[in-house]
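Working notes, beginning with the structure itself.
Bear in mind that the values in this text are calculations on the coordinates, not laboratory data. All values reported here derive from a predicted model rather than from experimental measurement. No Cβ is skipped: glycine too gets one built from the backbone with ideal geometry, and neighbour counts run over all protein chains shown.
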Amino acid sequence: MNTFSLWKLFTTDVVTAIASVVLVVFSVLSWAVIVEKIRLFRHARRQRPTGNPDVAIRPFDKNLWFLAMVAYISPFIGLFGTVWGVMDSFSSIGANQSVSIGVIAPGLAIALGTTALGLIVAIPAAIAHQIFSKRADDLYDSLGENKHGA
């Protein structure tokens, strides 16, 4: 019977729980940035920004650094959880004086769960960062062309 659940990432031990909570917070915040950028770029399609391109582009560049940071560090936080889970599995081997799969598997499942959570957080942030950076660059270029063409 499979007893693994994502809930175990938050209830097994303190280090894994902290890593998992940090990853969930990063995920929620990065999705908030993504939704805001979608809203902002949709508005820009309907009503084109005007004025100095350097000033007009600021809202479009705002918080892109956060998406980049989340995309970069989330896999490492997940990897830290993995290493911690593997160390926990090894300590279970020592404590139980047994190398059975029943002793090793729970810790490894939690370890791989934190890796998966790290990737689940990082991948959308990385994709969104690339998309919104490109759109902001294209918008900046078009604002600059309009300024020089006028």
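Between residue 54 and residue 101, the modelled label-to-label distance comes to 6.4 nm, taking each label 7 Å out from Cα in the direction of the beta carbon. Taking the charge dipole of the range 8-149 about its Cα centre, with +1 at Lys and Arg Cβ atoms and -1 at Asp and Glu Cβ atoms, the residue from 112, 90, 32 reaching farthest to the positive side is 32. With the helix formula -39500 (n - 2.57) applied to DSSP H stretches of n ≥ 4, the chain reaches a computed 222 nm mean residue ellipticity of -29500 deg cm²/dmol.
Placing dummy labels 7 Å off each Cα toward the beta-carbon, the span from residue 66 to residue 127 is 2.0 nm. Residues considered: 91, 133, 30. Largest GNM mean-square fluctuation over the chain, using C-alpha springs under 10 Å, is found at 91.
Computed over the alpha carbons of the range 33-147, Rg followed by Dmax gives 22.2, 74 Å.
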